[in-house]
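Since the structure comes first, as structure tokens, the remarks are kept for the end.
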């Protein structure tokens, strides 16, 4: 049978196999859900569902991974990128998938979201995913309560059963990733209002480092850093953030507009919610819903959302472009990012 894969993708695969080009360095490796897993369970009796539930995920740092909405990471999960959304109706940001734990679902654990992985090449040179975000408050409590009432002989109560998508009052939020090189990305985020009325949507593309440094290991941590070393994430210009990691290298996140840059210090320990000596403080940035985050005594900025406040017209469409180039280029990454954005904006 004739191989139908495009020649460019075959070339990328050959480069990865024969010349070690790191085309697989970045991909859809970011977990959909890290909360409620055995990996994060440090309870005395092995109660993973109760030890790290969804409600804790916005307030505590994971130890063995990260999660995010339609996100990507390097193949060791050190630097992560994902979406956060807010419809100005939810009490919290939509940063990760919601679902039921084993005891909550009448058929066991079950994600209660509407999302689709639409496309990806073998080297992840192009990826596309879609999330359907309701314009009304997400029915977290209703999903839990109704599923708890149902027996195993009854069907599951799904998100669509709540009526939250009535009259098509939701956003189609699509994310596309295209690689200009093994470690260079163009990211296009598109939001489409499917409903009959204009509706607000806040889009926060988020770049952050997985916390591997606060466990005070003697040997290098899974990210390749020692206890005294920490990655750095900072704004270097309007619409431009710099991520610096000694092992992974340097990356720059650039936006095609000049959005509001929100920096949040949120370095937390795995069991900070139960430990003494931690400082709890609420964070409310730019009118976004606040969350109680438990900070280490020496907080570090670990994420940096570019906030875009959109009022999407009826059946309307809005778009946001970002570039995430690595440092292994002959020209400066800042110039590379701007060039990539200019080229992408013309397509």
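Things worth noting here:
Here's the yes/no breakdown for (1) in contact with a helix residue (DSSP H, G or I) (Cβ under 7 Å, 6 or more places away or on another chain); (2) surrounded by fewer than 18 Cβ atoms within 10 Å (Cβ to Cβ); (3) in a strand (DSSP E or B):
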{"position": "8", "(1), (2), (3)": "no, yes, no"}
{"position": "15", "(1), (2), (3)": "no, yes, no"}
{"position": "21", "(1), (2), (3)": "yes, no, no"}
{"position": "35", "(1), (2), (3)": "yes, no, no"}
{"position": "43", "(1), (2), (3)": "yes, yes, no"}
{"position": "50", "(1), (2), (3)": "no, yes, no"}
{"position": "71", "(1), (2), (3)": "no, no, yes"}
{"position": "76", "(1), (2), (3)": "no, yes, no"}
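- Search result, residues across the range 167-200 that are assigned to a strand (DSSP E or B), more than 15 Å from residue 116 (Cβ to Cβ) and more than 17 Å from the chain's Cα centre (by Cα): 179, 180, 181, 184, 193, 199, 200
- The listed residue being over 19 Å from residue 320 (Cα atoms), under 21 Å from the mean Cα position of the chain (by Cα) and surrounded by fewer than 17 Cβ atoms within 10 Å (Cβ to Cβ), out of 160, 111: 111
- In this structure, residue 137 does not satisfy being out of contact with any strand residue (DSSP E or B) (no Cβ under 9 Å at 6 or more places or on another chain) and without any contact (Cβ under 8 Å) to a residue 12 or more places away in the chain.
- Of all residues making up the range 109-118, the number that are at pLDDT below 95 and either part of a loop (DSSP other than H, G, I, E, B) or more than 18 Å from residue 97 (Cβ to Cβ) (or both): 1
The rows are residues; the columns are (1) buried (at least 19 other Cβ atoms within 10 Å of the Cβ); (2) on the phi > 0 side of the Ramachandran plot; (3) modelled with pLDDT of 95 or more; (4) not in a helix (DSSP H, G or I).
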position	(1), (2), (3), (4)
130	no, no, yes, yes
133	yes, no, yes, yes
143	yes, no, yes, no
205	yes, no, no, yes
211	yes, no, no, yes
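- Residue among 176, 167 that alone is at pLDDT 95 or above and under 30 Å from residue 60 (Cα atoms): 176
- Test result for residue 83, closer than 29 Å to residue 202 by Cα and not in a loop (DSSP other than H, G, I, E, B): yes
The values are calculated or read from the model by the stated rules, or taken from the named source; none is laboratory data. Please read all numbers here as calculations on a predicted model, not as lab measurements. Heads up, the Cβs are rebuilt from the backbone with ideal geometry, glycines too, and the neighbour counts pull from every protein chain shown.
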